[in-house]
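The numbers here are math on the coordinates, done by the rules we state, and not lab data. Values in this document were obtained by computation on a predicted structure and should not be read as measured data. No Cβ is skipped: glycine too gets one built from the backbone with ideal geometry, and neighbour counts run over all protein chains shown.
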Amino acid sequence: MRIFKKPDGGFVQILGKERIKKWNAELPLLFIGYMRDNILPKYEDPSVRKAIEDYANEIMEEIAVPKLVEVLKGADQAARVKTSQSLEEISKKKPDMVKVASEYVTQLVSDNNKDVAKAAQNILKNIDRAEKKKQYASKRKTMQELDRKLAKGEVTDAEYMKLRKEYLKLEDEIGPEE
């Protein structure tokens, strides 16, 4: 158990590395994602947040990624398939959590095991789609501002059409919004 002392005298307890090492290969990624999404926002003090974030990074570097690589490159085909399929499910919901392993997942696309290769391709597609969604959201904000400028006459029709075309291409790439 890792304990962090808060300035107000309270404590924050988080599972220790020894216990996390016993988990399945993909679970440390989920745990770190949970910590970042649910635990960190609760603490207003930057020193506590920094300490917890540093601990999450330690877990990622020392346990999560090495364990994941070990399983994905291991000889046990059943474990490889199970882990790659679990990662695929995670990537559907939270692609940012799997992004740290994308370097290793890329190598699995050409794997001899068809199930592992297919899951790896789907993981990379999910990560790519999430990145495009972020770009699209950014472009959408830009387009809203551009629409206002066009209405005011601050932008020429040619400039507007060029940017609008780029925006629509990106929209086509990511598909219909969910």
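One table, with the values for the structure above:
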| quantity | calculated |
| --- | --- |
| Answer residue from the stretch 91-116, given it is surrounded by 13 or more Cβ atoms within 10 Å (Cβ to Cβ) and farther than 27 Å from Glu61 by Cβ and is nearest to the chain's Cα centre (by Cα) among those | Asp115 |
| The lone exception for Tyr55 - which of (1) surrounded by fewer than 13 Cβ atoms within 10 Å (Cβ to Cβ); (2) within 30 Å of Gly9 (Cβ to Cβ); (3) not charged (D, E, K, R) it fails | (1) |
| Qualifying residue in the stretch 142-165 (condition: exposed (fewer than 15 other Cβ atoms within 10 Å of the Cβ) and within 30 Å of Val105 (Cα to Cα)) | no |
| Subset of the stretch 129-178 that is among the β-branched types (Val, Ile, Thr) and out of contact with any helix residue (DSSP H, G or I) (no Cβ under 7 Å at 6 or more places or on another chain) - its residue that is farthest from Ser102 (Cα to Cα) | Thr156 |
